[in-house]
1. Considering only the other residues whose Cβ falls under 9 Å of the Cβ of B:Ala49, what net charge follows from Lys and Arg at +1 and Asp and Glu at -1?
2. What average number of partner chain Cβ atoms lie no more than 10 Å from the Cβ of the residues making up A:126-133?
3. Using each residue's phi in segment A:22-35, evaluate 6.51 cos²θ - 1.76 cosθ + 1.60 at θ = phi - 60° and report the 3J(HN,Hα) Karplus result to the nearest Hz, with x for Gly and Pro.
4. Determine the shielding of peptide A:8-20 by partner chains: average, over its residues, the number of Cβ atoms on other chains within 10 angstrom of each Cβ.
5. What does the average come to when, for each residue of peptide A:142-150, you count the partner chain Cβ atoms lying within 10 Å of its Cβ?
6. Mind ranking B:26-38, B:103-115, A:41-53, A:13-25 by how tightly packed they are, going by the mean number of other C-beta atoms within 10 angstrom, highest first?
7. Can you give me the C-alpha center-to-center distance between segment A:117-188 and segment B:100-136, rounded to a whole angstrom?
8. Using θ = phi - 60° and the Karplus relation 6.51 cos²θ - 1.76 cosθ + 1.60, list the HN-Hα couplings for segment A:51-67 in order, rounded to whole Hz, with x at every Gly or Pro.
Amino acid sequence: MANDKELSDFLKSAEKRAFKRTAYAVRDEDAALDIVQDSMIRLAEKYADRPVAELPLIFGRILSNATMDWFRRQKVRQAAVQNFSELGSDAEDGDFDLLESLEAVDGSWASQGPPDRLSREQTLAIIDAEVSALPARQREAFLLRYWEELDTAETALVMGCSEGSVKTHCSRAVHALAKALAAKGLKP
Amino acid sequence: MNGPTRSRRVDHDALQARFALRVASRLSEQSEKLPHDLSERLRVAREQAVARARQLRLTQPATATATATAFQVSQGSVALGQPPSGWLRLASVLPLMLLVLGLVMIQHLHDQAEIHAAAEVDAALLADDLPPEAYGDPGFVIFLKQPEQ
């Protein structure tokens, strides 16, 4: 059972990621703040008696539901569904060598530092923009899996889909990000 | 035969995870640089949520205690100082006992009424001027059925 301090510490550790994740989805900072605040209150009212270890998963689920509710209220759910349906058109690029790109981008970050490279701020901004540009479900899976550090099963639970779908979304997200970042010059 | 394929697959997954985690760490770095007003609004939201949880935590035990006290008081008024469990059992059995007792009483009163009615008939027959044997005489029965002249 989480006490006040544990609940506060958890929310403090999660609030900025939650805000960014929601802002990526709704593309409106004020709406994202409202959704995060509502989610925090709901967590506090309904689930504060749960063990601390369960809070990330529960909060993730509440946040996802609250975001979807926001889309419903805004009557732009159709747009969201259309956005989700982009998943179906994510054709794999046969001639794009993911492995080579990953190694290149990975290597570029590891050795970042020379003044002639993109500034760190610019790099962060580019990454932020590219993550924001991902299709909604891919971005959700990617952020939950690698940013919130949920495992595949937990991510599937939060997203309400199968573990296989999570792996597919994550793989496509990584693939798309690697390609986009490489195209922006984040490679040797 | 599967060895190299599996090995390549594992390498690919590991590289993918490493890449993803590196992107995630950059996102964390970026999210730490949220504008001050956003950070403050998030802090206020967090504090409100924690205060709400604290408030609920305080009110729930109070409600539970009040309920338990009310229950004990009601039990005490029934028990009159006795342990409540025996009285509770008695209270639950009492309506059934009253029902059975009522049925027995009704049956007894019904039997008494029948006996009383039969005794009245017998007494009337015995007290009448006409002897009871007359009712067994066929001629007397025919006489009774004849219309009065």
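1. Details: positive: A:Arg42, B:Arg46, B:Arg52; negative: A:Glu45, B:Glu47.
For residues surrounding B:Ala49, the net value is +1.
2. The mean count of partner-chain Cβ atoms within 10 Å per residue comes to 2.
3. 6, 5, 4, 6, 8, 6, 7, 4, 5, 5, 4, 4, 4, 5
4. On the way: counts 7, 2, 2, 8, 5, 0, 1, 10, 10, 4, 2, 7, 6.
Other-chain Cβ atoms within 10 Å of each residue's Cβ, averaged: 5.
5. On the way: counts 4, 4, 0, 4, 10, 8, 1, 2, 0.
Counting other chains' Cβ atoms within 10 Å and averaging over A:142-150 gives 4.
6. Numbers: B:26-38: 14.2, B:103-115: 10.0, A:41-53: 15.8, A:13-25: 22.2.
The packing order, highest mean first, is A:13-25, A:41-53, B:26-38, B:103-115.
7. So the two Cα centres are separated by 100 Å.
8. Each residue of segment A:51-67 in turn: x, 4, 5, 8, 4, x, 5, 5, 5, x, 5, 4, 5, 5, 5, 5, 5 Hz.
Rule-based calculations on the coordinates, nothing more; no lab input. What you are looking at is a predicted structure, and each value in this text was computed from that prediction instead of being measured. Backbone-built Cβ (ideal geometry, glycine too); neighbour counts: all protein chains shown.
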